[in-house]
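The block underneath contains the structure these notes are about, expressed in structure tokens.
The values are calculated or read from the model by the stated rules, or taken from the named source; none is laboratory data. What you are looking at is a predicted structure, and each value in this text was computed from that prediction instead of being measured. Here Cβ is always computed from backbone atoms with ideal geometry, including for glycine, and neighbour counts include all displayed protein chains.
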Amino acid sequence: MASDAVTLIKNDHRLMKELFAQLKHGDENRRALVAEIEARLSAHARAEETEVYPIIAKATGEKADLEHGTYEHLEAEHKLRKVRNLIDSPHFDQALEEFVAAVEHHMEEEESELLPALEKATDKKTLDRLGATFERARIDELSTSGYEQPPGTARHDTDDLANATRDELYEKAQKASIPGRSHMRKEDLIEALRDQT
Ligand SMILES: [Fe+2]
Ligand SMILES: [Fe+2]
């Protein structure tokens, strides 16, 4: 599995876009999806701000774009709180629309400007190392939010599912079209995937 920072960040963007689509189509539990998006978005943003943005600033000598990126993280989180507060309101769709537009704009800027600048200024080894640091910070944030267990807590079990991260399990569940997967915790995903076999 690719582990460089650029691929990991783009993969996480894609996963969040998939959650936005599910929320838009309303085919899953709205409250659970919003909670999952809040946890994932904050973890992703904090990991970028603490681990990735400083490396980009150092490598490119450019700070303005990163300050802009950090501002957009806060803006997205603010818009998402609005979405959560309007969960039972007729204004929900409008708030969701605004949130998704803001985040997609931000992801687009990262993918077309910041990440290519990072790739250009560093080498493969640095990108791999940064990928590991980003992922560790992101998972730590997720576990602090109470959303996800840190990887390895169920390592006494030796099969592949027990050793997978929640993201890997989620991807498997997606491929297997397991309903309700987005609001499942790691243990639930393992159980549902085991039931499939
Ligand atoms: Fe970002
Ligand atoms: Fe990002």
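Quick notes on this one:
- For Asp88, the requirement of being of a type outside the set (Gly, Ala, Ser), more than 16 Å from ligand 2 (Cβ to nearest atom), more than 15 Å from the chain's Cα centre (by Cα) and not in a helix (DSSP H, G or I) is met.
- Residues of region 1-37 classified as within 9 Å of the chain's Cα centre (by Cα), free of Cβ contacts under 8 Å to residues at least 60 places away in the same chain and crowded, with 16+ Cβ neighbours inside 10 Å, total: 1
- Any pair with Cβ under 6 angstrom, 6 or more apart, that starts in region 99-128 at a residue that is assigned by TED's automatic domain parsing to the domain that holds Gly69 and ends at one that is assigned to a loop (DSSP other than H, G, I, E, B): Leu127/Asp4; Asp128/Ser3; Asp128/Asp4
- Only residues that are more than 11 Å from ligand 2 (Cβ to nearest atom) and in a helix (DSSP H, G or I) were counted across region 1-13, and they come to 1.
- Within region 129-148, residues that are basic (Lys, Arg) sit with their Cβ atoms under 8 Å from residues that are crowded, with 17+ Cβ neighbours inside 10 Å, at 6+ positions apart or across chains, in these pairs: Arg138/Asp12; Arg138/Ala43; Arg138/His44; Arg138/Arg46; Arg138/Ala47.
- Evaluation of Glu67 against the conditions (1) acidic (Asp, Glu); (2) in a helix (DSSP H, G or I); (3) touching a residue at least 24 places away in the same chain (Cβ under 8 Å); (4) over 17 Å from Ser145 (Cβ atoms) shows that the sole unmet condition is (3).
- Filtering region 91-112 to residues that are within 13 Å of ligand 2 (Cβ to nearest atom) and of a type in the set (A, V, I, L, M, F, W, C) leaves Ala102, Val103, Met107.
- Flag if Ala76 is at pLDDT 95 or above and within 11 Å of the chain's Cα centre (by Cα): no
- Only listed residue being over 25 Å from Thr7 (Cβ atoms) and surrounded by 14 or more Cβ atoms within 10 Å (Cβ to Cβ), chosen from Arg129, Arg84: Arg84
- Looking across region 47-62, the residues that are surrounded by fewer than 18 Cβ atoms within 10 Å (Cβ to Cβ) and over 13 Å from Glu113 (Cβ atoms) come down to Glu49, Thr50, Pro54, Ala57, Lys58, Ala59, Gly61.
- Yes/no for Glu62 being modelled with pLDDT under 95 and acidic (Asp, Glu): yes
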